[in-house]
Structures are given as C-alpha cells and as structure tokens.
There are 4 protein chains.
Amino acid sequence: MSLNRIDLNSDVGESFGYYKMGLDEEIIPLISSANIACGFHAGDPAVMRRTVSLASENNVALGAHPGFPDLVGFGRRRLDASLGEIKDYVTYQVGALQAFAASVGLTLQHVKPHGALYNMAVANPEIWGVVAETMAAIDSRLILYALSGLEREAVLAIGAKHGIRVAFEFFGDRAYNADGSLVSRNLPGAVIHDHHQVAERVLKMVKEGRVACIDGTEIELSADTICVHGDNPSALALVKNIREAIQDAGVEIAAPATFL
Amino acid sequence: MSLNRIDLNSDVGESFGYYKMGLDEEIIPLISSANIACGFHAGDPAVMRRTVSLASENNVALGAHPGFPDLVGFGRRRLDASLGEIKDYVTYQVGALQAFAASVGLTLQHVKPHGALYNMAVANPEIWGVVAETMAAIDSRLILYALSGLEREAVLAIGAKHGIRVAFEFFGDRAYNADGSLVSRNLPGAVIHDHHQVAERVLKMVKEGRVACIDGTEIELSADTICVHGDNPSALALVKNIREAIQDAGVEIAAPATFL
Amino acid sequence: MSLNRIDLNSDVGESFGYYKMGLDEEIIPLISSANIACGFHAGDPAVMRRTVSLASENNVALGAHPGFPDLVGFGRRRLDASLGEIKDYVTYQVGALQAFAASVGLTLQHVKPHGALYNMAVANPEIWGVVAETMAAIDSRLILYALSGLEREAVLAIGAKHGIRVAFEFFGDRAYNADGSLVSRNLPGAVIHDHHQVAERVLKMVKEGRVACIDGTEIELSADTICVHGDNPSALALVKNIREAIQDAGVEIAAPATFL
Amino acid sequence: MSLNRIDLNSDVGESFGYYKMGLDEEIIPLISSANIACGFHAGDPAVMRRTVSLASENNVALGAHPGFPDLVGFGRRRLDASLGEIKDYVTYQVGALQAFAASVGLTLQHVKPHGALYNMAVANPEIWGVVAETMAAIDSRLILYALSGLEREAVLAIGAKHGIRVAFEFFGDRAYNADGSLVSRNLPGAVIHDHHQVAERVLKMVKEGRVACIDGTEIELSADTICVHGDNPSALALVKNIREAIQDAGVEIAAPATFL
C-alpha cells in the first residue's frame, strides 16, 4: 500500500547568537515542515524570528521543537525532570514560538520534542502523554510528531485521549530492530551513511510500508513524515535525492496538516 | 475630576526554582492586574504556571512583565540591546506567558516592561514604540502599561499609531519632578517610605488628578493604574490601606480592560 | 572508640542575585567547614566573594561545593553528564572559588560535590574517582568530602590512588540502611525531624562510632565530619544543640585539614 | 626605534558546546599568547580544557579573556555593571581558567578583558583600575593587556599602583584617530580590510613606533602585542603574512612574560 503523500521534516533554527549551526537557507526550501528550536537547547529569540520568516516565505509548516534547558549539552543529555516540569517546559517553548508565528499571521502546525526529551518519550510513553496533554491545553489543532514503530498503538491512543493528531516519523538513516525500535547509536550499524541506501529505505517505506531490520528480517512500518538533515552540503544532497525518489514514485511531499 | 475606576497592578511571579521572592499568595487577592515575570529576569516555567493559576483564581487580569535576559541582575541593569533585540525579547516572553494563560482558557490583558527596560523606555520613547509594535503584531487587544507624566502625549500617539491601548501608571511611593518625571532613585527623597503619605498621594491623584512634586509645586497627573508592591508584610499593609482609601472615596478597583 | 575531633560542615553561599537563601550569617559562626556554592546550581560571583569573606572572618575552612549547571533545579536533578564533563565542571567551579579565596590570602580546604552529583557519586564510585583525580590535578592538598558508610573502603582506595585525603561525612538527620547507605528520601522515615533524636544520633556516632539503622539493627559507622543545615531558625537551633552535645562530650570541633 | 620582540595575541576558545567558532587549531600555532574565553560570553568548561591543552602543546602563553555574562550577545553589549560586579566577574573567570592551567602544570600569563568590557575600560580607565586590582589580589605576576594609545600613561600608572605589568596592544586592522584612540566601528574606514595595508601598518608600528591616522597625520604609538584573528582562512593567511613581515624585520615573536 503506497502512500499518496508524505511529509519531510527537519530540525532548524538551531543557531544561537553569533554561533551559526545548520544550513537553514538551503534545507528549508527542500522540506514541508520545520522543527524550530525554541531557546532552551538551541535557538534564541532573534533566530526564532528569522527562522519563522524563512519557513513562511517557503510555505513550510511551522513546528515547535522543545528541548531540555541545556544549551551546552544541546538538549541531548537526559535530565531527571518530572512530568510536571516537562509540561511546563513544553508550554513555555511552544508559547514563545507561537508569538513569532502570530507576528507573521501564522499558527504552529506541530510539536516535536527534541533530543533527550524525544528519546525519553520513546522509552516512556507517559512523556508522550504529558506532551499531548500540554498541546491540547494550548491549541488542540497542534499535531504531535512521534516515532513510528514499537509503541505506535500506544501513542495513537494517547493522541486520541487528548484529541491530538499524531504524525509518525521515519528515520531513513537509522537502523531498526525487529520490534520497530531504533538501534541504539552506541551499537555498530546504528546510523546508515550510504546515501543510496538511505534513499532506498525511504522509498521502500513510502511505497511498501516496510523496513529492513538490522537482523535481516523485514517489518511493516508506515509513517507520515520523514526526518531529514541540513547539517552540511552532503546532507543537503541526500535530501535532494530523497525528494526526487519520492516524487518520481508519484508521491506528493506535503505537510501533515493537509492530510492527517 | 475624580476617577470612577482605577487599576492596582503589582509585579508577581518573581520566584525562581527553589528561590522564593515576594508574597504572591497575599498580594494577588489585593490587586486587579498582575505583571507576571516571564523567565528572563525572574520567574521560570513552573512559577509562571502557578502564578497564572493564582491570578486566575482571584479574577486578577494577567499581564506579561518582560525584562532583559539578566537573571543575576534581576533585569535592573541597562543592557545595550538594539530595538530589534528588544522586539524579539518581548515577543518571546509574551508568547511564553500566553501559552500558560491559554492552558487555563485565558488571554493576557497587558504588557508592562520590567526594570531597566521600563526605565530605558521612559528615557527613550522609541522603545515604547517598538514594544507597542511588537504587541500589535501578536495580539492588538493587549494594553501597554507606561509611565504617566512627562511623555504622556508621545506615548498616547505611539499607542494610537499601532492600535494599542495605553494604561498610564502612577507610583504612589515615588517622588515626582515638576516635569512629570520620576525623581531618580540616586537622589534623596526619591522613595517615599511613610505609608500615610503614600496613601494620601494615591488618593490625591485619584480624586484630583494631581500630584505634589519634590520642588513644592503641584502638577496635573492622571493615571489608569497604580503600581503596588508585595515584597513584605509592611508593603502588604500599605496596599490594604490604599485599597480602603480608594474604595472609601467611591472609586472602583478594576482592571483596565474593563474601562479603557 | 570516641573521637577527639569532629568537623561540622554546611552548605552556604546559595543565594543568587536578588534571591536570598539560607541564614549564612548565623550558620557560619557555628561550623568549622563551609561548602560554598560555585555558580552552577546556586551562588554567583558576588555571593561567592561575600561568603568567602564571611567564612574567613569566622575562621571557617573554605570548600568548593560544585554542582550540575542547573540553577532552576538547584542541582538536584540527575543529568546524564559524562565523566569527562564532570571533570570539566568540577575544575571550573573549584578554580572560580579558588580565586576568591586567593583574593583574601587563603586556599581551599576541601571539595564536596553537591546534590545530584553527590548522589550519583554515592551510587557510582567512578564519579568519586573522577572528582578525586580532578582535585589532585589542581591542588593535591584538597580534601574530598564523601559519604561514610557503604562504599567507605572503595572511596578510601580512590583517595589513596590519587593522593587525596577523604573526610567521611555523617548525616545526623538521615536514616541509614543496615548496609551503611542512606534510606532514600522517597521512603517514609528517611528524614529525622526530631531535634533531640538527631542530636543523640550525632553523639552516638561521635562517642561510639555507631548508628542505629531503620531496620532496628545497629552498625559501625565513623565519620570525620557532620553535615548540618542553616535553612531556618529551627535548623540553627539544632546546630547549636549538636555543638553543645559534642563539646560536652569533650570532643573538639575542628576542620579536617587540622586532623586528617 | 625598532622593537626587538613583539607578542601576537588572539582570542581563542570561543566555541560553546556543539557550536564551533574560530579556527583554534590553525591560529594557535601562529601566535605567542592566547586569550581564552572563560564561559561568560563564550567558551565552556570542556572548550577551556581543550584550548589550554592546545596552547600548551604549542608553547603559547595562556591568558584569561573575561567578558560580561551575555552568551547570546557574545559579550559585545554594554551592560550597566558596577565596578564591584566587574571585579567579581573577572575574579570568577580568571580563577576558573587558572584551574584548567594548573591541571596541566601551568599558570596564566595575562588577562585581557573582552568585547564591551574592554571597550568600556578604554572609555573609563577606572575599569582598568578595578581589573588590575583584581589581578593583583589573585596573582601579581599576571600581565594586563590594554589598548595602546590615548590613555597609555594613565593605564601605566594604574598598573604601577597595583604592581601589575601592562602589555599595550596594537590593532593592525583598525584605523586610529590622531589622539591615539580607535576610530569607532560605526564610522566608515574603521576597519582596514586590505591585507597588504594591515601588514604594512604592523611593520611600521614595530619598526618605527608610529601609526598613520585616519586624518592623514602620523602619531607615535608603540605596543608590546598585536591582536590578530583566526576567524576564517583569509584571516589566517593575514596572520602568516604578519608573522613573516615581523620576522623578516629581525623582530622576535615572543610572549610578554619573557620581555616585560
């Protein structure tokens, strides 16, 4: 069962003050949804305004990418925050980005937790729950981006409970275990560096709803959005390959607010 | 010309993490509008949620109290930020607080710049302009709190230009110069410590629209809101005195969204 | 075997900017060693200078109290920092405090990790190892403060390996398990609130080198230093009781640099 | 009067967490003194350790480069900090870097205030005074880096008063006014972009102790150290040109601790 439409999302707005990170000007025209850092793990108010503006000019849907308050660790270190603290952190960051969106007459499409917060949610669906609950309290039209695979049914139920749509995410450059979870980055083979192979995996997921696992088996795994990167020129070239492969397969690249 | 209604506003939500500041539980029931710190000079996401909740329970109107990113200096130190940076800082902080308000089904009433940002705006009305412009871009129903006195006409014109209502503020415990400006805190007599005298000054402004200046003259000065403090039990007693004096004079205490 | 000398240590210098925490002026004259916050989880440069000065005036030995960079969480939340990051954080904070000590002609006596960092070290002695190694690289005269009890021999060996003396610490107000570990704060009875009982437990440890455990058994547990608190007037009264009880027993209160 | 020896200094260690800034690996082998950021305006504990190590391996003298606590503004925005606050900030940052130096068996050679703090000191020599006083209290062997030109005699007197040596600094790529001050960056011609011209200006200062001013006059201006940059490959090429020009003129490149 081939998909008709798929979203391409990427983490952007990660520069901070005089520190530049990522190739936002190049990646944003290639994606349909932007995950914009909100000042806790990356980004700052000036960067947020610029990034919202850049996404808006390219008709890319806006999303908040909230993380832990850990700029020096880029939000990649697990922090023993309570569910209440996570709720407060997500509320604060989503609100801050909403105001920049409102300033150009737009609203946010989605929320995708960043780094350690995302990984902790994957390991503990209670965190997806508190994020969904937080989103529902602010604006129930917001879509939650969550990992496709292992806990898909649980996350769908969480979304339904709070009246929040979920866009499931596929990582073309990450190896999967047979249970649908990602292979830990600490293990060999966790990240797939071959561009050709990544594009093929994306295409297989899009056209067949399947992914080849690290143990040689193949599992069903469908998704609404594919995570891509704009860190360097090579990553950009890969995104262009993925776009072409998807479009050549007759699948439309579109933000999930248009089809979920 | 006696006023019919006047607002009492106070800076609240200034605690941070394990650090407690102010007597919010005591002062909030005594005021009509709350200026809530937004995490840059004071406050944090958890404190913001609690403070919004406390104000909401007491039917106190919610306002953002944005300041410079200077927690250790409590936003009281002038920072050579550009107008663009001020715009970004105000957008970010107002948005963050809006999300907590939205989480309890409310919207913000007003924005009052904090500390050095407020003082810099008083000295340079261009800053009132950029704050008003920022507010208009986010939500044109927001009311700007600004110092009554010296530049009143200029600030009114700024508000009109951006379609933003202005609530002018009176400080009962601060001495005024004959031009309507506040006497600098570095000069003797700048702060009035006698509670009886403070209450009398408030009453005079409310009933006659006049204030006695430090040079012995008296000037016309009307206001929509009076700034009061909840730092300690003595300050709270003063607020109670002011409330009684105002109500005894037949003047209603009300948030400016109800009468501006 | 009664001790001749024992140290009383307390966490001080935890104020931050306009935020006051603790009763440093009252507690410092009652202790022999001060654990001074270094700006990551609490404290700031101005507070550090004042606290060093206050300790110096009271002939109290100076110690660094390094924590995680988590001001809003007061360093009490576990952070998934690497051993290398911990080494860097401890180096930075110890160095910063050393400069304030040098400014009044003094050197630091000790280093006591704070909050989550301390608790993580108790659970994982590798962290004691990296802290001791860090101290040895900066100044091998520094004494490490570590929890007495469960891993005492392991920590002694770590100190010996790096040429760092260890002062073992006893908590009079915390319940102990029979293996010498502290009862988790999440369990009932973990904190002993009765002042009389706390003073008795301290005295028993000082005179007999024993502590009654939560399961009714009694174990051997000796220590070089006792952790006391100056958070409020009641805590101060307890410290005075403990001091008197110790002195009445003929035991001298002294900083460990004088007897280790 | 040609100099025998001159120092080349550069701001390094300005990366932060995952954010990379500058080409430290390339610039450090080309200079004799390193101004290392200390975590307030740039740098972090891990970067400080790496930078100290890199400088040490290249026999480059270590210096602290303290700035205002303004990471997002890179310490380039004037902050209305008191002299006492500046003293505390400098103490803290110098101490933090000292510990990393001590960890590799080294001491710091110098202190050079960064950005807005440097510029504020140039405009208000009281700030040089408080920095010198702070340095003397920590380690009187530390050398102060200060702008050569306008206030040279005043700064020399400040150094003498506190027993602190001063290394005067020349900027080859900045235009000078006839009074020895730098032309404001807001004015046209303030920064000299032509590499050939910059190298010539450096050589003229080194060999003749003179600099051509923006108004066409020429003034006497000698210096102990030249500030160079490692921001990009072009800047590195310029530093190589400057090194060659200096060495061809028979002048030795050396850290000021060896000749002041």
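Let me spell it out: the conditions are (1) closer than 30 Å to C:Thr134 by Cβ; (2) without any contact (Cβ under 8 Å) to a residue 60 or more places away in the chain; (3) in contact with a strand residue (DSSP E or B) (Cβ under 9 Å, 6 or more places away or on another chain), and D:Ile158 meets all of them except one. Which number is the exception?
Result: D:Ile158 passes all but (1).
Can you name the condition, by its number, that C:His196 falls short on among (1) at pLDDT below 95; (2) within 19 Å of C:Tyr145 (Cβ to Cβ); (3) not in a loop (DSSP other than H, G, I, E, B)?
Just one mismatch for C:His196, condition (2).
Test B:Glu153 against the stated conditions and say whether it is within 12 Å of chain A (Cβ to nearest Cβ), in a helix (DSSP H, G or I) and either open to solvent by 30 Å² or more (accessible area, probe 1.4 Å) or touching a strand residue (DSSP E or B) at 6+ places or on another chain (Cβ under 7 Å) (or both).
Working: within 12 Å of chain A (Cβ to nearest Cβ): no; in a helix (DSSP H, G or I): yes; either open to solvent by 30 Å² or more (accessible area, probe 1.4 Å) or touching a strand residue (DSSP E or B) at 6+ places or on another chain (Cβ under 7 Å) (or both): yes.
When the stated conditions are applied, B:Glu153 does not pass them.
Just to check your reading of the model, which residue among B:Leu97, B:Leu54, B:Leu106 is surrounded by 24 or more Cβ atoms within 10 Å (Cβ to Cβ) and either touching a residue at least 12 places away in the same chain (Cβ under 8 Å) or assigned to a loop (DSSP other than H, G, I, E, B) (or both)?
That would be B:Leu97, the only listed residue that is surrounded by 24 or more Cβ atoms within 10 Å (Cβ to Cβ) and either touching a residue at least 12 places away in the same chain (Cβ under 8 Å) or assigned to a loop (DSSP other than H, G, I, E, B) (or both).
Condition (residue is open to solvent by 70 Å² or more (accessible area, probe 1.4 Å) and either outside any helix (DSSP H, G or I) or aromatic (Phe, Trp, Tyr) (or both)) applied to the stretch D:221-230: is it met by at least one residue?
no
What tally of residues in the stretch D:1-21 results from selecting those that are within 14 Å of chain A (Cβ to nearest Cβ), touching a helix residue (DSSP H, G or I) at 6+ places or on another chain (Cβ under 9 Å), in a loop (DSSP other than H, G, I, E, B) and over 17 Å from D:Glu57 (Cβ atoms)?
Result for the stretch D:1-21: 3.
Only one of (1) among the small types (Gly, Ala, Ser); (2) assigned to a helix (DSSP H, G or I); (3) more than 14 Å from every other protein chain (Cβ to nearest Cβ) is not met by D:Ala136, so which one is it?
Among (1) among the small types (Gly, Ala, Ser); (2) assigned to a helix (DSSP H, G or I); (3) more than 14 Å from every other protein chain (Cβ to nearest Cβ), D:Ala136 violates only (3).
Since A:Phe40 meets every condition but one in (1) open to solvent by 10 Å² or more (accessible area, probe 1.4 Å); (2) among the hydrophobic types (A, V, I, L, M, F, W, C); (3) part of a strand (DSSP E or B), which condition does it not meet?
With respect to (1) open to solvent by 10 Å² or more (accessible area, probe 1.4 Å); (2) among the hydrophobic types (A, V, I, L, M, F, W, C); (3) part of a strand (DSSP E or B), A:Phe40 is out only on (3).
Inspect all residues belonging to the stretch A:159-166 and state whether any of them is more than 19 Å from A:Ile127 (Cβ to Cβ) and either open to solvent by less than 10 Å² (accessible area, probe 1.4 Å) or modelled with pLDDT of 95 or more (or both).
Within the stretch A:159-166, not a single residue is more than 19 Å from A:Ile127 (Cβ to Cβ) and either open to solvent by less than 10 Å² (accessible area, probe 1.4 Å) or modelled with pLDDT of 95 or more (or both).
State whether the residues of the stretch A:194-204 include one that is hydrophobic (A, V, I, L, M, F, W, C) and free of Cβ contacts under 8 Å to residues at least 40 places away in the same chain.
Checked the stretch A:194-204: no residue is hydrophobic (A, V, I, L, M, F, W, C) and free of Cβ contacts under 8 Å to residues at least 40 places away in the same chain.
Can you tell me which of A:Pro69, A:Pro45 is open to solvent by 10 Å² or more (accessible area, probe 1.4 Å) and either small (Gly, Ala, Ser) or over 19 Å from C:Pro69 (Cβ atoms) (or both)? Quick ask: steps written out before the conclusion?
Numbers: A:Pro69 fails: either small (Gly, Ala, Ser) or over 19 Å from C:Pro69 (Cβ atoms) (or both).
Just a single option satisfies the conditions, and that option is A:Pro45.
Across the stretch A:57-94, which residue is farthest from the other protein chains (Cβ to nearest Cβ) among those that are in contact with a Cys (Cβ under 9 Å, 6 or more places away or on another chain) and assigned to a loop (DSSP other than H, G, I, E, B)?
Going through the qualifying residues, I end up with A:Gly67.
Please work out which one of (1) farther than 30 Å from A:Lys20 by Cα; (2) touching a strand residue (DSSP E or B) at 6+ places or on another chain (Cβ under 6 Å) is the condition D:Val130 fails and give its number.
Result: D:Val130 fails condition (2) only.
Read through the list (1) among the polar types (S, T, N, Q); (2) open to solvent by 30 Å² or more (accessible area, probe 1.4 Å); (3) within 12 Å of B:Tyr19 (Cβ to Cβ), then give the number of the only condition that C:Ser15 fails.
(2)
Are any residues in the stretch D:152-175 over 21 Å from D:Phe259 (Cβ atoms) and in contact with a Gly (Cβ under 8 Å, 6 or more places away or on another chain), and if so, which ones?
Of everything in the stretch D:152-175, those that are over 21 Å from D:Phe259 (Cβ atoms) and in contact with a Gly (Cβ under 8 Å, 6 or more places away or on another chain) turn out to be D:Lys161, D:Ala175.
Can you go through A:Asp215, A:Asp139, A:Asp231, A:Asp224 and tell me which one is charged (D, E, K, R), under 24 Å from A:Pro29 (Cβ atoms) and out of contact with any Gly (no Cβ under 8 Å at 6 or more places or on another chain)?
When all the criteria are applied, what remains is A:Asp224.
Looking at C:Gly67, C:Gly43, C:Gly39 in this structure, which one is in contact with a His (Cβ under 6 Å, 6 or more places away or on another chain) and within 15 Å of C:His114 (Cα to Cα)?
Values: C:Gly43 fails: in contact with a His (Cβ under 6 Å, 6 or more places away or on another chain); C:Gly39 fails: in contact with a His (Cβ under 6 Å, 6 or more places away or on another chain).
Just one listed residue meets the conditions, C:Gly67.
Consider C:Asn241 against the criteria (1) out of contact with any Gly (no Cβ under 8 Å at 6 or more places or on another chain); (2) open to solvent by less than 20 Å² (accessible area, probe 1.4 Å); (3) in contact (Cβ under 8 Å) with a residue 40 or more places away in the chain; (4) on the phi < 0 side of the Ramachandran plot: it satisfies all of them except one. Which criterion is unmet?
(2)
Determine whether D:Leu187 is at pLDDT below 95 and either surrounded by fewer than 15 Cβ atoms within 10 Å (Cβ to Cβ) or among the hydroxyl-bearing types (Ser, Thr, Tyr) (or both). If you could, list the steps in order and put the result at the bottom.
Values: at pLDDT below 95: yes; either surrounded by fewer than 15 Cβ atoms within 10 Å (Cβ to Cβ) or among the hydroxyl-bearing types (Ser, Thr, Tyr) (or both): yes.
So D:Leu187 passes the test.
The values are calculated or read from the model by the stated rules, or taken from the named source; none is laboratory data. Just so it is clear, the model here is predicted, and its values are computed rather than measured. Every residue, glycine as well, gets a Cβ built from its backbone with ideal geometry; the counts of neighbours run over all protein chains shown. To get the accessible areas, we keep the full protein, side chains included, count just its heavy atoms, and leave off ligands, DNA and RNA. Shrake-Rupley method; radii C 1.70, N 1.55, O 1.52, S 1.80 Å.
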